[in-house]
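Enquirer: Take this structure first; my questions come after.
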């Protein structure tokens, strides 16, 4: 008879947490990079129109971003041990700055999709205008996060906490005191 603890799914959950993180990060990066790049390309080709720009933004962010991000995450984790995956997932889960930027990007994307669907639908099909609006909203959310955050805590905050703890400081001072002086 088997119990529910015989099959541990936390490794699979952590694996998908890291892969979905890389996917969302690439969508975020594309939302910042794709609009200005495609605006410049379309401008210099003398083909810059709002419908083309919206379509290029939507496709560049949401058609190319997720599969590339997925395969980058999958490729990175292919040869990583379970402990490494769990460590990375733990750091993603506990990094308040990372969670903050993801929240801002998600809320910005939702607001941008709504605004794009309402305001840009007369210039492009509804799906295109909604996706382009979401891309603009994600970029605005990331920029808002950067404008609001005073101090970003890095993923290695635990190391700084350990180094600043009293026993470690005392041990380091003892080592410095006993080291030979030249």
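Enquirer: When a/c is below 1.5 the answer is rounded, else prolate if a/b is larger than b/c, else oblate, so apply that to the range 70-126 with a ≥ b ≥ c taken from the square roots of the Cα gyration tensor eigenvalues.
Expert: It is oblate, given that a/c is not under 1.5 and a/b is not larger than b/c.
Enquirer: Here is a further query. Taking the mean number of other Cβ atoms within 10 Å as a proxy for protection, how do you rank 88-97, 37-46 from highest to lowest? Don't jump to the answer; show the numbers that get you there.
Expert: On the way: 88-97: 15.4, 37-46: 12.3.
In decreasing order of mean packing, 88-97, 37-46 become 88-97, 37-46.
Enquirer: How large are Rg and Dmax for the range 10-152 when only the alpha carbon atoms are used, in Å?
Expert: Final numbers for Rg and Dmax: 16.8, 52 Å.
Rule-based calculations on the coordinates, nothing more; no lab input. If you're wondering where the values come from, they're calculated on a predicted model, not measured in any experiment. Note: ideal-geometry Cβ built from the backbone for every residue, glycine included; neighbour counts use all protein chains shown.
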